[in-house]
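The structure appears right after this line, and notes come after that.
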Amino acid sequence: MEAKAINRYIGTSPRKMRLVVDLIRGKSVGEALNILHFSPKHASKTAEKVLRSAISNLQNKDEAGHVDTDDIYVKECFVDSGASMKRILPAPMGRAFRMLKRSNHVTIVVAQRETEKK
C-alpha cells in the first residue's frame, strides 16, 4: 500500500529543494524524519511537513487503522518547478533588470514494505 502528499507553490527555488529531497529518497521514515529535522537547510522544514502528511495519508488509508512506522519507507520523492514571479531590479543608467522568483512543487510517496508470510 502506498500514499502520497503534494505541496504546491513553495517559495523556494527547485534547485535548493532538490538538495534536501535527495537526502531522503529510499530511506525509512524514521531515518528520513531525523535527517530533515536536523538539517540546517531552510527547505527541510517544508519537506518534513510534506513527509509527515504522506505518512498520515498512509495511516488514514489503512482499513485496520494501524500501520507500523518501522515498515514505511520513502518510495519516491521529486521536485517540479512551479510558476515564476517576475520582478524588476534597478540597474545602472536608469535601466531595469528582470529577476525571477522561482517556486516549486514537492511530491513525496511513501509505501509499506511487504513482509513475507509463510
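The values are calculated or read from the model by the stated rules, or taken from the named source; none is laboratory data. The structure displayed is predicted, hence computed values, not measured ones. Positions of Cβ are generated from backbone atoms using ideal geometry, with glycine treated the same way; all protein chains shown enter the neighbour counts.
Quick check on Ala91: is it over 19 Å from the mean Cα position of the chain (by Cα), modelled with pLDDT of 95 or more and either of a type outside the set (Lys, Arg) or surrounded by fewer than 17 Cβ atoms within 10 Å (Cβ to Cβ) (or both)?
Values: over 19 Å from the mean Cα position of the chain (by Cα): yes; modelled with pLDDT of 95 or more: yes; either of a type outside the set (Lys, Arg) or surrounded by fewer than 17 Cβ atoms within 10 Å (Cβ to Cβ) (or both): yes.
The answer is yes for Ala91.
Going through Glu48, Glu76 one at a time, which residue ends up being of a type in the set (D, E, K, R), buried (at least 16 other Cβ atoms within 10 Å of the Cβ) and within 14 Å of the chain's Cα centre (by Cα)?
Details: Glu76 fails: buried (at least 16 other Cβ atoms within 10 Å of the Cβ).
It is Glu48.
Just name the residue that is farthest from Gly30 (Cα to Cα) out of those in the range 94-111 that are under 18 Å from the mean Cα position of the chain (by Cα) and outside any loop (DSSP other than H, G, I, E, B). Walk me through it before giving the result.
Taking the range 94-111 first, the residues under 18 Å from the mean Cα position of the chain (by Cα) are 102-111.
Then drop every residue that is not outside any loop (DSSP other than H, G, I, E, B), which leaves 104-111.
Values: Asn104: 25, His105: 23, Val106: 19, Thr107: 18, Ile108: 15, Val109: 15, Val110: 12, Ala111: 13 Å.
Taking the candidates together, the pick is Asn104.
Test Val67 against the criterion of being in a loop (DSSP other than H, G, I, E, B), surrounded by 15 or more Cβ atoms within 10 Å (Cβ to Cβ), in contact (Cβ under 8 Å) with a residue 40 or more places away in the chain and of a type outside the set (S, T, N, Q), and give yes or no.
Criteria met by Val67.
Applying the selection to the range 32-44, what residues are loosely packed, with under 13 Cβ neighbours inside 10 Å and without any contact (Cβ under 8 Å) to a residue 12 or more places away in the chain? Break it down stepwise before answering.
Here is the first cut: in the range 32-44, the residues loosely packed, with under 13 Cβ neighbours inside 10 Å are 37-38, 40, 42.
If the condition is that a residue be loosely packed, with under 13 Cβ neighbours inside 10 Å and without any contact (Cβ under 8 Å) to a residue 12 or more places away in the chain, then His37, Phe38, Pro40 are the ones that fit.
When the residues of the range 4-31 are narrowed to those that are touching a Ser or Thr at 6+ places or on another chain (Cβ under 7 Å) and β-branched (Val, Ile, Thr), which ends up surrounded by the fewest Cβ atoms within 10 Å (Cβ to Cβ)?
Applying the filter and picking the extreme gives Ile6.
Mind checking which residues of the range 20-31 are on the phi < 0 side of the Ramachandran plot and in contact (Cβ under 8 Å) with a residue 12 or more places away in the chain? Let's see the steps before the verdict.
The initial filter retains those residues of the range 20-31 that are on the phi < 0 side of the Ramachandran plot, namely 20-25, 27-31.
Across the range 20-31, the qualifying residues are Val20, Val21, Leu23, Ile24, Arg25, Lys27, Ser28, Val29, Gly30.
Could you go through the range 73-90 and let me know if any residue there is out of contact with any Ser or Thr (no Cβ under 6 Å at 6 or more places or on another chain) and in a helix (DSSP H, G or I).
No, because not a single residue in the range 73-90 is out of contact with any Ser or Thr (no Cβ under 6 Å at 6 or more places or on another chain) and in a helix (DSSP H, G or I).
Write out, first by first residue and then by second, each pair whose Cβ atoms fall under 6 Å of each other, whose residues are 6+ apart or on separate chains, and whose first residue, in the range 46-62, is without any contact (Cβ under 8 Å) to a residue 40 or more places away in the chain while the second is in a helix (DSSP H, G or I).
Hits for this filter: Glu48/Leu36.
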